[in-house]
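**Student:** Sharing a structure, written as structure tokens. Questions coming.
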Amino acid sequence: MTSTTPHPADAAPHHAVPLPPSLRLELHGSVAVLRLSRAAKRNALDDATVLGLEAFFAAPPEGVRAVVLDAAGDHFCAGLDLGELTERDTLEGLAHSRMWHRAFERIERGTVPVVAVLKGAVVGGGLELACAAHLRVAQPGTFYALPEGQRGLFVGGGGSVRVPRLIGVHRMTDMMLTGRIVGADEGQAIGLSHYLAAPDGAFERAMELARTVAANAAVTNFAVLQALPRIAAANPAEGYLLESLMAAVASGSTEAKERMRAFLDGRAAKVGRP
């Protein structure tokens, strides 16, 4: 079962950096849809795909202000393509892991907010990829796992940093030691997803969120992506200072002043109950 739906003919792809066949791009105004397209392999990540992700997020198409990271077929991503797991020496294995780190850092600390559409398998490197996105929308039937421990491996795509931030070290320890599978409802409850959509509704919900995010002031989105994680990781004194500096930069922008003027003039909606 897949959450993708037909898209308008004007959503023609265009990107300055050539993408591998395993990645498909659609443009919907200020929102780009980047789709993993290895459905026959449950969208397992090979090196070409990881490098393609790095290239795309290093230079998103001009005018794009949010990205929906989707996947063809029934699964988001089943992790590393084990067909590419070759006999690497220690230094080669280190370089390979660092390549994944570099690519996923481009997503997490990039210039555009990313909304991931989760379904089916979100396993191993697929969970590491999902955790690099800023918002995650899952649909019923999504399941999460870190099977590296049962294969004599250890996570290498940033999972030991990003996953504990979301669910805590104790839960990741359980997943890695026992190999247990976390379902969609539990994943929502513990923080692996932000939203749990209706069946087949995750893509549309992700598009709604991406359009909302794309409509934000650019300086605010910059602050959330670049300043907020650093503030959270800083000691309180440095965090407060960085917050003050970022708040001053944001409120001093022309766009912020125009938006505040619209609110004071009654031309902008007030916050109300959902």
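The values are calculated or read from the model by the stated rules, or taken from the named source; none is laboratory data. This one's a predicted model, so the numbers in the text were calculated from it and none came from an experiment. We place every Cβ from the backbone using ideal geometry, glycine too, and count neighbours over all the protein chains shown. Note: areas computed on protein heavy atoms with side chains; ligands, DNA, RNA excluded. Shrake-Rupley method; radii C 1.70, N 1.55, O 1.52, S 1.80 Å.
**Student:** Could you say which residue among GLY191, GLY158, GLY187 is in contact (Cβ under 8 Å) with a residue 24 or more places away in the chain, touching a His at 6+ places or on another chain (Cβ under 7 Å) and within 26 Å of ARG106 (Cα to Cα)? It would help to see each step written out before you state the result.
**Tutor:** Working: GLY191 fails: touching a His at 6+ places or on another chain (Cβ under 7 Å); GLY187 fails: touching a His at 6+ places or on another chain (Cβ under 7 Å).
Unique residue meeting the criteria: GLY158.
**Student:** Out of (1) closer than 24 Å to LEU166 by Cβ; (2) open to solvent by 40 Å² or more (accessible area, probe 1.4 Å), the odd one out for LEU94 is which?
**Tutor:** So the condition that LEU94 fails would be (1).
**Student:** Any residue at all in region 80-87 that's of a type outside the set (S, T, N, Q), under 30 Å from GLY63 (Cα atoms), open to solvent by less than 50 Å² (accessible area, probe 1.4 Å) and free of Cβ contacts under 8 Å to residues at least 60 places away in the same chain?
**Tutor:** Of the residues in region 80-87, the ones of a type outside the set (S, T, N, Q) are 80-85, 87.
Checking the rest, the ones that are also under 30 Å from GLY63 (Cα atoms) come to none.
No, region 80-87 has no match at all.
**Student:** Taking VAL224 as the residue in question, decide whether it is hydrophobic (A, V, I, L, M, F, W, C) and open to solvent by 70 Å² or more (accessible area, probe 1.4 Å). Let's see the steps before the verdict.
**Tutor:** Working: hydrophobic (A, V, I, L, M, F, W, C): yes; open to solvent by 70 Å² or more (accessible area, probe 1.4 Å): yes.
Taking the combined requirement at face value, the residue satisfies it.
**Student:** Follow-up question, since we're still on this one. Identify all residues within region 54-74 that are closer than 21 Å to LEU209 by Cα and either among the aliphatic types (A, V, I, L, M) or open to solvent by 40 Å² or more (accessible area, probe 1.4 Å) (or both); write none if there are none. Step through it out loud before you land on a result.
**Tutor:** If we filter region 54-74 for residues that are closer than 21 Å to LEU209 by Cα, which is where we start, we get 56-57, 60-72.
Passing the criteria: GLU62, GLY63, VAL64, ARG65, ALA66, VAL67, VAL68, LEU69, ALA71, ALA72.
**Student:** Right, here's the next one. Of GLY149, GLY120, which residue is touching a residue at least 24 places away in the same chain (Cβ under 8 Å), more than 17 Å from HIS101 (Cβ to Cβ) and more than 19 Å from the chain's Cα centre (by Cα)?
**Tutor:** Just a single option satisfies the conditions, and that option is GLY149.
Residues checked against (1) more than 23 Å from GLY201 (Cα to Cα); (2) in contact with a helix residue (DSSP H, G or I) (Cβ under 7 Å, 6 or more places away or on another chain); (3) in a helix (DSSP H, G or I):
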{"site": "LEU25", "(1), (2), (3)": "no, no, no"}
{"site": "ASP70", "(1), (2), (3)": "no, yes, no"}
{"site": "ASP74", "(1), (2), (3)": "no, no, no"}
{"site": "ARG98", "(1), (2), (3)": "yes, no, yes"}
{"site": "ARG102", "(1), (2), (3)": "yes, yes, yes"}
{"site": "GLU105", "(1), (2), (3)": "yes, no, yes"}
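**Student:** With respect to ALA198, is the statement that it is closer than 16 Å to GLN139 by Cβ, open to solvent by 60 Å² or more (accessible area, probe 1.4 Å) and either out of contact with any Gly (no Cβ under 6 Å at 6 or more places or on another chain) or free of Cβ contacts under 8 Å to residues at least 24 places away in the same chain (or both) true? Outline the logic, then answer.
**Tutor:** Working: closer than 16 Å to GLN139 by Cβ: yes; open to solvent by 60 Å² or more (accessible area, probe 1.4 Å): yes; either out of contact with any Gly (no Cβ under 6 Å at 6 or more places or on another chain) or free of Cβ contacts under 8 Å to residues at least 24 places away in the same chain (or both): yes.
The answer is yes for ALA198.
**Student:** In addition: If we scan region 15-22, do we find a residue that is among the polar types (S, T, N, Q), at pLDDT 95 or above and closer than 22 Å to ARG205 by Cα? Quick ask: steps written out before the conclusion?
**Tutor:** First, the residues of region 15-22 that are among the polar types (S, T, N, Q): 22.
Imposing the further condition that a residue be at pLDDT 95 or above reduces the set to 22.
With the extra rule that they be closer than 22 Å to ARG205 by Cα, the set shrinks to none.
No: zero hits.
**Student:** Still on this model: How many residues are under 25 Å from ARG65 (Cα atoms) and part of a strand (DSSP E or B) when one looks only at region 119-139?
**Tutor:** The qualifying residues number 4.
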